[in-house]
Amino acid sequence: MIPITRRTALILAAAGLVATALSATDGKADPADGKAEGTLTVNGKTTKVAYAYARSVPGFFDKNTNDTQVIVSDVPLDEKALSDEFARNDLATEGKLHAFEITIDATGTPISTAWRDNGFKGPMPSGLSSADVFTKKVLDGKFVEGGYKSAEAAEFFGNTYAFDVTFRAAITQ
């Protein structure tokens, strides 16, 4: 059997040639669909990110609009991990995932962040600081591209952390 990428499966499915796009893949989202660069630093340990994923989610403040959730990570994620934050938490606890998640509202403004990293001793921070710098290049319902950088190292329950990432990804529905 010839291996088929998620992107090719989706194109074939759109053309009516494959019944289900995901059944034609190995369950991994195609890393070519999204790219990230930069670093996540937790308690002095720096991890490079390479993968970016984005999906449309119901608006947090306005259910009549959609927000965009962006996940940047050091490893590729399968469909289960992409759709289930508890699966991502488990992977992070096991040291198999280091990720930073950004939720961006329909206006292009970050409204929340979350960490998935076992470098934190105790709870992982979520929320955001208005001092952090977000740069939106594209947010058109199909793609998201931008960057996000912490203004300075932050502290949460005795843990220090910082991030400096850029990303580009197709937005899945």
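Results, tabulated for the structure shown:
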| read-out | value |
| --- | --- |
| Residues being within 19 Å of V70 (Cβ to Cβ), free of Cβ contacts under 8 Å to residues at least 60 places away in the same chain, touching a Gly at 6+ places or on another chain (Cβ under 6 Å) and surrounded by 14 or more Cβ atoms within 10 Å (Cβ to Cβ) - total across the range 117-165 | 1 |
| Candidate set: the range 113-155, residues that are among the acidic types (D, E) and outside any loop (DSSP other than H, G, I, E, B); chosen: the one farthest from R55 (Cα to Cα) | E155 |
| Of all residues making up the range 30-78, the number that are open to solvent by less than 20 Å² (accessible area, probe 1.4 Å), among the acidic types (D, E) and out of contact with any Pro (no Cβ under 8 Å at 6 or more places or on another chain) | 0 |
| Test for L82: is it open to solvent by less than 30 Å² (accessible area, probe 1.4 Å) and either of a type in the set (A, V, I, L, M) or over 15 Å from E145 (Cα atoms) (or both) | yes |
| All positions within the range 75-112 that are in a strand (DSSP E or B) and more than 17 Å from R168 (Cα to Cα) | D78, I111, S112 |
| Qualifying residue in the range 96-103 (condition: touching a helix residue (DSSP H, G or I) at 6+ places or on another chain (Cβ under 6 Å) and closer than 25 Å to G158 by Cβ) | yes |
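The values are calculated or read from the model by the stated rules, or taken from the named source; none is laboratory data. Just so it is clear, the model here is predicted, and its values are computed rather than measured. With ideal geometry, Cβ positions are generated from the backbone for all residues, glycine too; neighbour counts draw on all protein chains shown. Accessible surface is based on the protein model in full, side chains and every heavy atom, while ligands, DNA and RNA are left aside. Shrake-Rupley method; radii C 1.70, N 1.55, O 1.52, S 1.80 Å.
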